[in-house]
Amino acid sequence: MTIPAVPLPRGSGGRVPLDFKLKPEWRYDTRRRAFVSASGDRYAPRGELPRDSRIVYKVPALARAAPSDLNPHEQDLQRYMQIILPTGVSPATYLRAVRSWPAVEEAHVGPEVSLPQQD
């Protein structure tokens, strides 16, 4: 038996993220708000996202670690990120742009958050 999902109540703050994975040898410098490659290339997506958007690592603790201190699986997890857009903004609107960024290997709209249905 499958339980259908129930959308979150309006005003609950649930937002659908835009998920993406960095290409190998790229990282995101949160202070400079720019992507930086191991060879020194930089890319800052200024003006490409709505105001109050946030680019965040999915696993912040791994983001701060040196890749040489991580096993291959942790290094892979270190490349996963999200863009949290303002409430009411569709991530699908920005998907094509994010996929074109030089640091991005793949991108997709994240899953929609839902609650289980009550009987």
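The values are calculated or read from the model by the stated rules, or taken from the named source; none is laboratory data. Only a predicted model underlies this, so the values are computations on that prediction, with no experimental measurement involved. A quick note on method: Cβ atoms are made from the backbone with ideal geometry, for glycine too, and the neighbour counts reach across all protein chains shown.
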Determine whether Ala65 is surrounded by 13 or more Cβ atoms within 10 Å (Cβ to Cβ) and either in a strand (DSSP E or B) or among the β-branched types (Val, Ile, Thr) (or both).
-> no
If Ser39 satisfies every condition in (1) modelled with pLDDT of 95 or more; (2) closer than 29 Å to Val16 by Cβ but one, which is the exception?
-> (2)
Within region 8-27, is there a residue that is modelled with pLDDT of 90 or more and hydroxyl-bearing (Ser, Thr, Tyr)?
-> no
Of all residues in region 12-40, how many are surrounded by 13 or more Cβ atoms within 10 Å (Cβ to Cβ) and in a loop (DSSP other than H, G, I, E, B)?
-> 7
Could you check Pro102 against (1) under 20 Å from Arg33 (Cα atoms); (2) under 14 Å from the mean Cα position of the chain (by Cα) and say which number it fails?
-> (2)
